[in-house]
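Please read the structure below before turning to the comments.
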Amino acid sequence: MKSKINVPTISVNDAVDRVTRFRDQLLKQVPETNIPRAVFIPISDLLAIVNSFDILRADGTTINELQGVRAYFAVKESDMDLDDDVTAVIVPVDKDGADIIYKNQLGGTVEGDDDDDDTEIYDFTQPCPDKCDPKSPLFV
């Protein structure tokens with residue numbers, strides 16, 4: 001059955017090849033136990049970000065000010081000794097493709113403090129294999 005979503009998909013074989021190629025390239029530089037397999041991104045957290053950028057127009061319709069979100073791979077300093085320490089931080093991306101780093105940044109550059117409460121940088125991803133499907137063909 002074809003998906004009703006109009007975004008590109010790839011075959012399982014192509015996905016496995018890409019995941020394997022990624023891990024093989026990193027094996028030259030990083031111990032295997034530190035190579036990330038994936039990060040789990042809860043949909044409820046993504047929806048909360050998306051919904052926070054909904055704008056109610058005068059005619060009662062709603063528009064959203066985002067183009068998407070961007071995931072930056074990250075390693076917490078306190079996690080340096082963990083085997084699977086790679087996570088991702090998530091930032092909203094505006095219609096022009098720019099990261100929204102600070103609250104109220106949309107529509108212009110508004111800088112804030114380097115305080116957790118002043119940013120739109122989210123840390124809710126969970127690394128795989130802690131949050132993984134080891135039966136998946138992509139778990140190579």
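Quick notes on this structure:
- Sparse-neighbour loop sites [trypsin sites (Lys or Arg not before Pro); the range 1-60; at most 14 other C-beta within 10 Å; DSSP]: K2, K4, K28, R57
- Flagged links, alpha-carbon separation over 29 Å, of K28/K103; K103/K135; K4/K103; K28/K131; K4/K135: K28/K103; K103/K135; K4/K103
- Multiplying the residue separation of N64 and D123 by 0.36 nm and subtracting their alpha-carbon distance yields 19.0 nm.
- The range 1-61: C-alpha gyration tensor shape, a/c 1.5 cut-off, then a/b vs b/c: oblate
- Total formal charge among the other residues, if their Cβ is under 12 angstrom from that of F124, Lys/Arg +1 and Asp/Glu -1: -1
- Counted by neighbouring Cβ atoms within 10 Å, the residues T33, T87 run from fewest to most as T33, T87.
Every read-out reported here was derived from the displayed coordinates using simple, explicitly stated rules and does not represent laboratory data. The structure presented is a predicted model; accordingly, all values stated were derived computationally and were not measured. Cβ coordinates were reconstructed from backbone atoms using ideal geometry, including for glycine residues, and neighbour counts include every protein chain displayed.
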